[in-house]
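One structure is given here, and the rest of the page talks about it.
The values are calculated or read from the model by the stated rules, or taken from the named source; none is laboratory data. Here the structure is a predicted model, which means the values were calculated and not measured. Cβ coordinates were reconstructed from backbone atoms using ideal geometry, including for glycine residues, and neighbour counts include every protein chain displayed. These area figures cover heavy atoms from the full protein model, side chains too; ligands, DNA and RNA do not enter into them. Shrake-Rupley method; radii C 1.70, N 1.55, O 1.52, S 1.80 Å.
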Amino acid sequence: MRNSQVVILVVVFSLFFGINSAFADTRSVEIPVGTSVPGCEEFNSCFTPADITINVGDTVHWMNIDTVAHTVTGGSPADGPSGVFDSSLFMAGATYAFTFDDTGSYDYFCMVHPWMVGSVTVKGTITTPTPTPTPQSTIGLMQNAVVVITDRTSYYDGDTIQISGKVRDYTGSPVSITVKAPNGNLVRIAQVDVSVNKEFSFEYTSGGPLMKAKGVYTVLVQHGNVNRSATTTFSFDGSTTPTQLPIPPSPTPSPTPSPTPSPTPSPTPSPTPSPTPSSAGFPIEYVAIIVAIVIAVGIGIALSKRKKTIPVITSQPAKVQTAPDETQFWVCPHCGRDTQMKYGKQFCNSCNTYL
C-alpha cells in the first residue's frame, strides 16, 4: 500500500513539472543588418521586435544577423547596466538566450551602439522556483572564423579609429587589416598580432593624403587565408572636419607664384647697367688716353722750342767736335741735360765733367 502511494506521488510531481515545462515558450528577437549605424531608432527597429511580452519561465533568443558585433545588456543608456542579464560582446551570426523567471518590465540596450534599445515584459504568476540559468552566449562558439568591429560608426578628420575583433581559432599567426576608401582605393594596411585569448586590436588617426573622400569606408580582416575573413564599415565625413578649413591656403600660393614668374625685376637691371658703363667708363678710360696725349704733345712742344743739335754719339764724341763757339750749346750724351761752354769746352753740370 505504501509503495503504491509513493508511486502516485512521483507521478503527480512528474505531471506537475511536465505541465510547467510544456507551457514554457521560446521567443526570438533579431538584430537586423545595418543597426550599427544610427537611424533604426527612429522607427524603433533596432531590435525586431523591439518590445515583446512573454510569460514567466519563457526564454528569449536574440539572433545577431548583422555584420558587426553587439551586446544585449539589461538596463538603459541613461542609467547604465542593471545587472539582470548581459550577453557581453557576441559576434555576427551568434545568438544569446536568457530565461525570465520573474514578472516585470526589463529594458535592455546595446553597449556598443547605445541607440539600440528594446524591452521585455514578463507577466504571469511565479511557479515553483527553478535554478536561474546562467546566461548562455555563443561568443565562445563563434560561427564565423573572424569578427571585426569599430569603436564608432562615423568619424571626422583627426579622430582615432579603433578596430578590434576576435578569431575563432588561435594559430599564432597575425591578422591582416585593410581599410579601403569608397572608390576601392587602399587607405591603410597593417598586420596585427592575435593575443592568446584570440583577440586583436588596431588604431590609427583618420585623414591624411589617402583618406580625403567623404563616404563609407570598408575594413577587411583576414586570418590565415581568404576563407577566414570578416568585414565592417564606417562613415567618414571629411567635408565638415575642422582641419579641412585650412585648405583655402592652397589658392593663396597660386597668386603668389603669379607675380614671381613675371620678370619685372629682370628687365630693370638690364637697362640700368647699360647707361652706367657708358657714363662711368668714359672718364676712366678716355681721360687716361687724353692725359697721355696731352703729356706727349707737351713734351713734343717743349723739345721743339729748344734749338739744339743732338750730335751723333761716337766712342769719343769730344774729339769729333771742332771749334765750338760760346753761343752753341750741347746736350750731354750721358744724362741728356743741356751743357754749357766753359773754357772753350762743353761742360755738363749734372755729370760734372767736360765733354
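Could you name the aspartates and glutamates whose alpha carbon sits less than 20 Å from that of LYS123, not counting residues in the same chain fewer than 8 places away?
Of all the aspartates and glutamates, those that pass the test against LYS123 - Cα under 20 Å, at least 8 places apart if same chain - are ASP25, ASP51, ASP58, ASP101, ASP102, ASP107.
Specify which residue in the list VAL175, THR160, ASN185 is farthest towards the positive end of the charge dipole of segment 151-191, using unit charges on the beta carbon of Lys, Arg (+1) and Asp, Glu (-1), about the Cα centre.
VAL175
By per-residue mean of other Cβ atoms within 10 Å, what is the highest-first order of 217-223, 174-180?
Sorting 217-223, 174-180 by mean packing, highest first, produces 217-223, 174-180.
Could you let me know the centre-to-centre spacing of segment 39-87 and segment 159-223, using Cα atoms, in angstrom?
28 Å
Can you tell me which aspartates and glutamates have their Cα less than 17 Å from the Cα of LYS166? Leave out same-chain residues fewer than eight positions away.
Excluding near neighbours in sequence, the set is ASP66, ASP151, ASP193, GLU199, GLU203.
Express the carbon and sulfur contribution to the solvent-accessible surface of segment 22-63 as a percent, rounded to the nearest whole number, probe 1.4 angstrom.
54 percent
Show me the ranking of peptides 202-212, 81-91 by mean Cβ neighbours inside 10 Å, starting with the highest.
81-91, 202-212
Once label points are set 7 Å from the Cα along Cα→Cβ at both LEU303 and ASP51, what is their separation, rounded to one decimal in nm?
In this crude label model, LEU303 to ASP51 measures out at 13.4 nm.
Computed FRET efficiency, Cβ-Cβ of LYS214 and SER176, R0 30 Å: what is it to the nearest 0.05?
With a Förster radius of 30 Å, E is 0.70.
Using Cα positions and a limit of under 12 Å, work out the aspartates and glutamates in reach of LYS342, with same-chain residues fewer than 8 apart set aside.
Output for LYS342: ASP325, GLU326.
At a 10 angstrom cut-off on C-beta neighbours, averaged per residue, how do the peptides 110-120, 333-343, 62-72, 291-301 rank from highest to lowest?
62-72, 110-120, 333-343, 291-301
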